[in-house]
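Enquirer: For reference, the structure I am asking about is given below.
The values are calculated or read from the model by the stated rules, or taken from the named source; none is laboratory data. Here the structure is a predicted model, which means the values were calculated and not measured. Every residue, glycine as well, gets a Cβ built from its backbone with ideal geometry; the counts of neighbours run over all protein chains shown.
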Amino acid sequence: FAAVGSTRGVDVYDPHIDPHRPERLSLMSELRAAIDTGGLELHYQPKLRLADGRIDAAEALIRWRHPTRGEIPPEDFIGAAEETGNIGRLTRWVLATAIAHVHALGERGHVLKISINLSARDLEDTELPDRVGQLLRMHGVPGSVIALEVTESAVIGEPAAALQVLRRLADMGIDIAIDDFGIGQSSFGYLRHLPVHELKIDKMFVQQLATDETDRTIVRSLVELGHGLGYEVTAEGVEDAAALDFLREIGCDHAQGFFVARAMDFGALTELCDAEGSRLT
Ligand code: C2E
Ligand code: MG
Ligand code: MG
Ligand code: MG
């Protein structure tokens, strides 16, 4: 009998996704070791403000260079970390590192809004807002200089704990962004009750903007939806000039993607900011 999943979203046992299988447990103990021994790095992908062509923000993306396996993509360990109870530890490292980097940039005179990804599980952690507050105070960084990205699936159904966690974070002046917008179950109900400041249109709708009329219609509508609700809108996965031109034309606020810039290490981000100097706001 081979489990093949279910179209009704019912969990079916599949040995390949068993969180307790041995390879996964050893990967997770290696991840914990990497957290403690400096084996992880945050890279930053710049965001272009379309109104004036400035880089005024960047998204922190985790990188794990495994000593023998080489670089492991986040998608290969974030889910495992969530399912095995290791995500809290990972998120604490990401937050501490990113906020220290924001402080270091500030010391050089650069104010760049840094987005940090949270996973759904993080929103169940009622201590998260206090921990973020502590890090901000410790580094003298105002909440308004960071944004936290959560996916639609983390907030659909508006779980009470998530609602409370997001409200407390938003009360510190932190922006809340809905990541990968448009590919979830697309129930917009949660937008009525959650503090949201930004929609990030999933790259699925952006990558083919140059050639796909349907994608252009979808993206135009999502930008209008976001603006109608008073949010900033970012398009992810901008891979060519045609997509960038289209996004500028329809009034999208930010563009992020390989055509703008790839994620870079913190040293390279600092050099970019130094080079752009006063162009940064
Ligand atoms: P995401 O938050 O939606 O991040 C955007 C992903 O798209 C990144 O992949 C980025 O490198 C990639 N990307 C950017 N521009 C382009 C483009 O033009 N074309 C294409 N094809 N891809 C582009 P990455 O770094 O592999 O991260 C994948 C996902 O892993 C992220 O998706 C996010 O959900 C998760 N992730 C990354 N870092 C963290 C973290 O620190 N914490 C948590 N919880 N999740 C993270
Ligand atoms: Mg993101
Ligand atoms: Mg995304
Ligand atoms: Mg994604």
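Enquirer: Can you spot a residue in the stretch 151-164 that is crowded, with 21+ Cβ neighbours inside 10 Å and modelled with pLDDT of 95 or more?
Expert: No - not one qualifying residue is present in the stretch 151-164.
Enquirer: Among the candidates G230, G237, G257, G251, which residue alone is under 21 Å from the mean Cα position of the chain (by Cα) and away from ligand 3 (no atom under 16 Å from the Cβ)?
Expert: Just one listed residue meets the conditions, G230.
Enquirer: Sticking with this one: Restricting attention to the stretch 165-187, and to residues there that are in a helix (DSSP H, G or I) and crowded, with 16+ Cβ neighbours inside 10 Å, which single residue is farthest from ligand 3 (Cβ to nearest atom)?
Expert: R168
Enquirer: Check the stretch 128-139 and report whether any residue there is within 12 Å of ligand 1 (Cβ to nearest atom) and surrounded by fewer than 21 Cβ atoms within 10 Å (Cβ to Cβ).
Expert: Within the stretch 128-139, none of the residues are within 12 Å of ligand 1 (Cβ to nearest atom) and surrounded by fewer than 21 Cβ atoms within 10 Å (Cβ to Cβ).
Enquirer: How do the pairs read when you match residues in the stretch 20-39 that are farther than 11 Å from N86 by Cβ with residues anywhere that are assigned to a helix (DSSP H, G or I), using Cβ under 8 Å and keeping only pairs 6 or more apart or on different chains?
Expert: Between residues of the stretch 20-39 that are farther than 11 Å from N86 by Cβ and residues that are assigned to a helix (DSSP H, G or I), the close pairs are R21/P15; G39/A33.
Enquirer: Return the pair list, or none, for Cβ contacts closer than 9 Å from residues in the stretch 49-60 that are in a loop (DSSP other than H, G, I, E, B) and within 16 Å of ligand 1 (Cβ to nearest atom) to residues that are at pLDDT 95 or above and of a type in the set (K, R), at least 6 apart or on different chains.
Expert: Every condition considered, the pairs that remain are L50/R248.
Enquirer: Could you check the stretch 191-208 and list, in sequence order, the residues that are more than 14 Å from ligand 4 (Cβ to nearest atom) and assigned to a helix (DSSP H, G or I)?
Expert: L191, R192
Enquirer: Quick one: would you say A104 is surrounded by fewer than 21 Cβ atoms within 10 Å (Cβ to Cβ), in a helix (DSSP H, G or I) and more than 14 Å from ligand 1 (Cβ to nearest atom)?
Expert: yes
Enquirer: Which condition number does A210 fail, the rest of (1) aliphatic (A, V, I, L, M); (2) closer than 24 Å to I114 by Cα; (3) surrounded by 14 or more Cβ atoms within 10 Å (Cβ to Cβ); (4) away from ligand 3 (no atom under 16 Å from the Cβ) being met?
Expert: (2)
Enquirer: Next up: I'd like to know if the stretch 223-235 contains one or more residues that are within 16 Å of ligand 4 (Cβ to nearest atom), closer than 22 Å to I114 by Cβ and among the charged types (D, E, K, R).
Expert: There is no residue in the stretch 223-235 that is within 16 Å of ligand 4 (Cβ to nearest atom), closer than 22 Å to I114 by Cβ and among the charged types (D, E, K, R).
Enquirer: Can you find, within the stretch 188-202, the residue that is farthest from ligand 1 (Cβ to nearest atom) among those that are within 24 Å of A60 (Cα to Cα) and crowded, with 19+ Cβ neighbours inside 10 Å?
Expert: V196
Enquirer: Here is a follow-up. Does at least one position in the stretch 126-146 carry a residue that is closer than 30 Å to Q207 by Cα, among the aliphatic types (A, V, I, L, M) and without any contact (Cβ under 8 Å) to a residue 60 or more places away in the chain?
Expert: Yes.
Enquirer: Here's a follow-up. Any residue in the stretch 238-252 that is outside any strand (DSSP E or B), within 16 Å of ligand 4 (Cβ to nearest atom) and modelled with pLDDT of 95 or more?
Expert: Scanning the stretch 238-252, I find at least one residue that is outside any strand (DSSP E or B), within 16 Å of ligand 4 (Cβ to nearest atom) and modelled with pLDDT of 95 or more, so the answer is yes.
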